[in-house]
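Visitor: First, the structure itself, so that you have it in front of you.
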Amino acid sequence: IIKTAKKHNIIFAPIKMSKNIKKQLPAWHNIGAPQNTYHKTKNKCLQETHNVQNIKNLIKCRKRLTRLSGDPLHVPRKTCACSDCKRDKNKGCKNPHYCAQIANEILSKLAPKFNTKSKPKKDDLSLTHHRKEKNNQAHERRTGELLFDPSITIRSNVSEGFRIF
């Protein structure tokens, strides 16, 4: 697939992405991560034991570092006995807190365009709710005018971000 993409100059070049699309991006070798973000030995447990494949999985793994996880019993130690750490230890993880820190480190290094915490600048290109509703009605009835939606935000599928140059 990669050879074919290179042959036809296909690259992943989204202009703007919704938060949901950012979560679907791969966790490993993410285009928004700078060099030296990934370490084979540090990431091995995340990949094999925690089965982290995308950004959403990294966020789930990192969640225990915040009090928002719902489990106030989490302590930043190898011997933590909170429910999330116990579950990960049962899967074979030797230090779930360390893995959560590594996940947090990877997420914090992502460029703002690919980071789920950063909000893209408002471009005022999207249609208003009222205009979108009119488009839907015209499309269903197959009569009337359809207004072009110039929005540049990818919302439905990662594949919308691929471009041929």
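Visitor: Would you mind getting the accessible area per residue of segment 61-165, heavy atoms of the protein chains only, 1.4 Å probe, in Å²?
Guide: 73 Å²
Visitor: What is the spin-label model distance, in nm, from T79 to N136 if the labels are put 7 Å beyond Cα along the C-beta direction?
Guide: Between T79 and N136, the label points sit 5.7 nm apart.
Visitor: Please report the net charge: other residues with Cβ closer than 15 Å to the Cβ of K91, K and R +1, D and E -1.
Guide: Local charge sum for K91: +4.
Visitor: May I pose another question? Relative to the first principal axis of the alpha-carbon coordinates of the chain, what is the inclination of helix 129-141, with its axis defined by its Cα atoms, in degrees from 0 to 90 and to the nearest 10?
Guide: 60 degrees
Visitor: How large is the accessible surface per residue of segment 11-52, computed with a 1.4 Å probe and reported in Å² as a whole number?
Guide: Accessible surface, normalised per residue, equals 58 Å².
Visitor: Could you rank D123, D88 by how accessible they are, 1.4 Å probe, largest area first?
Guide: Highest to lowest solvent-accessible surface, that is D123, D88.
Visitor: Suppose R0 equals 22 Å; then what is the FRET efficiency for I11 and D123 from their Cβ-Cβ distance, rounded to the nearest 0.05?
Guide: For I11 and D123, the calculated efficiency is 0.55.
Visitor: Please list K121, K22 in order of solvent-accessible area, largest first, computed with a 1.4 Å probe with all protein chains present.
Guide: I get K121, K22, largest accessible area first.
Visitor: Any of K63/K119; K6/K42; K7/K117 with alpha carbons more than 26 Å apart? Name them for me.
Guide: K6/K42; K7/K117
Visitor: Sorted from largest down, what three extents in whole angstroms do the Cα atoms of the chain have along their principal axes?
Guide: Reported extents, whole Å, longest axis first: 65, 42, 26.
Visitor: Using a probe of 1.4 angstrom, how much of the accessible area of the chain is carbon and sulfur, in percent?
Guide: 53 percent
Visitor: Can you give the charge dipole size of segment 81-153 about its Cα centre, rounded to the nearest 20 debye, using +1 on the beta carbon of Lys and Arg and -1 on the beta carbon of Asp and Glu?
Guide: 340 debye
Visitor: Now for a different question. Once you put a point 7 Å from the Cα of K3 and another 7 Å from the Cα of K23, both along the Cβ direction, what distance in nm separates them?
Guide: Computed distance between label sites K3 and K23 equals 3.7 nm.
The values are calculated or read from the model by the stated rules, or taken from the named source; none is laboratory data. The structure displayed is predicted, hence computed values, not measured ones. Cβ sites come from the backbone with ideal geometry, for glycine too, and all protein chains shown count toward neighbours. Just so you know, the surface numbers come from the protein's heavy atoms only, side chains and all, with ligands and any DNA or RNA stripped out. Shrake-Rupley method; radii C 1.70, N 1.55, O 1.52, S 1.80 Å.
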